[in-house]
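Enquirer: Please see the structure below; I have some questions.
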Amino acid sequence: MTASQTDRPTLDDVLAQMAAAQTPPNAQDVRGWTSKYPQFASEIIDFATDLVELDAQRSTRTATENAVN
């Protein structure tokens, strides 16, 4: 079920919105999401952590690739 069918977003809807952001979430972003969707707070925190870690790995990999070339 999607948000349009129930007027309440699902966990997938919320995480998709987070993933669509241009930058990884910061502490203020996470507080906003968890305040808006307290029923998903644990999942939001886990997902935000994953997004930040992926961004850090991507930055490290780019720097290493540039150093090699």
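Enquirer: May I ask for the net charge around Gln39, where only other residues with Cβ less than 15 Å from the Cβ of Gln39 are counted and Lys, Arg are +1 while Asp, Glu are -1? Don't skip to the end; give the middle numbers.
Expert: Working: positive: Arg8, Lys36; negative: Asp7, Asp12, Asp13, Glu43, Asp46.
So the surrounding residues net to -3.
Enquirer: Each residue of the stretch 50-55 in turn: what ³J(HN,Hα) in whole Hz from Karplus with 6.51, -1.76, 1.60 and θ = phi - 60°, glycine and Pro shown as x?
Expert: These are the phi-based 3J(HN,Hα) values: 4, 4, 5, 5, 4, 5 Hz.
No value in this document is a laboratory result; all are computed from the given coordinates. Source: prediction; values computed, not measured. Positions of Cβ are generated from backbone atoms using ideal geometry, with glycine treated the same way; all protein chains shown enter the neighbour counts.
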